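Worksheet: the structure to be examined is printed underneath.
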């Protein structure tokens, strides 16, 4: 039986260090993180991860689940990779800190989530056209790292 995946939360301005590589955190959940880096990592690679979110630092062990190049027609992020990391046996203290960080980010995110309308595919946070399609109706901004949903009706594009 499959268990539902925890909600992923966009964390603005969060950074981390995976093994000896500095990475930017795109989104975070209690079970893993999506990070952007200039270094390719093989799936299955495992190492220490230090998440720095505001004044909170969380030390974990993470395993690379997926490594994909950042892609997009207008991408200025050539040579960048998105790493999907799964946390390996996090301590109870680390789980509590992650849950607290995710809750705080969701509260601030819920207050600013609005439907944006435009004629071109734009990031709703920074209005950049440097957007990569992750899957149908799911996009990520290559400039600010925002992950958002979007759809088109006629010539109008809606994003949130």
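The values are calculated or read from the model by the stated rules, or taken from the named source; none is laboratory data. The structure displayed is predicted, hence computed values, not measured ones. No Cβ is skipped: glycine too gets one built from the backbone with ideal geometry, and neighbour counts run over all protein chains shown.
Observations on the model:
- Output for region 148-160, where each listed residue is under 15 Å from the mean Cα position of the chain (by Cα) and surrounded by 16 or more Cβ atoms within 10 Å (Cβ to Cβ): 148
- All positions within region 1-37 that are over 13 Å from residue 147 (Cβ atoms), surrounded by fewer than 17 Cβ atoms within 10 Å (Cβ to Cβ) and either in contact with a strand residue (DSSP E or B) (Cβ under 7 Å, 6 or more places away or on another chain) or not assigned by TED's automatic domain parsing to the domain that holds residue 91 (or both): 6, 15, 17, 19, 21, 22, 31
- As a summary of the residue check, residue 145 satisfies the conditions (1) at pLDDT below 80; (2) in the same structural domain as residue 52 (by TED's automatic domain parsing); (3) buried (at least 18 other Cβ atoms within 10 Å of the Cβ) except for the one numbered (2).
- Those residues of region 63-114 which are at pLDDT below 80 and over 19 Å from residue 7 (Cα atoms), in sequence order: 70, 71, 72, 73, 74, 75, 76, 77, 78, 79
- First in region 40-62 and closer than 19 Å to residue 82 by Cβ, second anywhere and in a loop (DSSP other than H, G, I, E, B), Cβ under 6 Å, 6 or more apart: 47/19; 53/11; 53/14; 60/90
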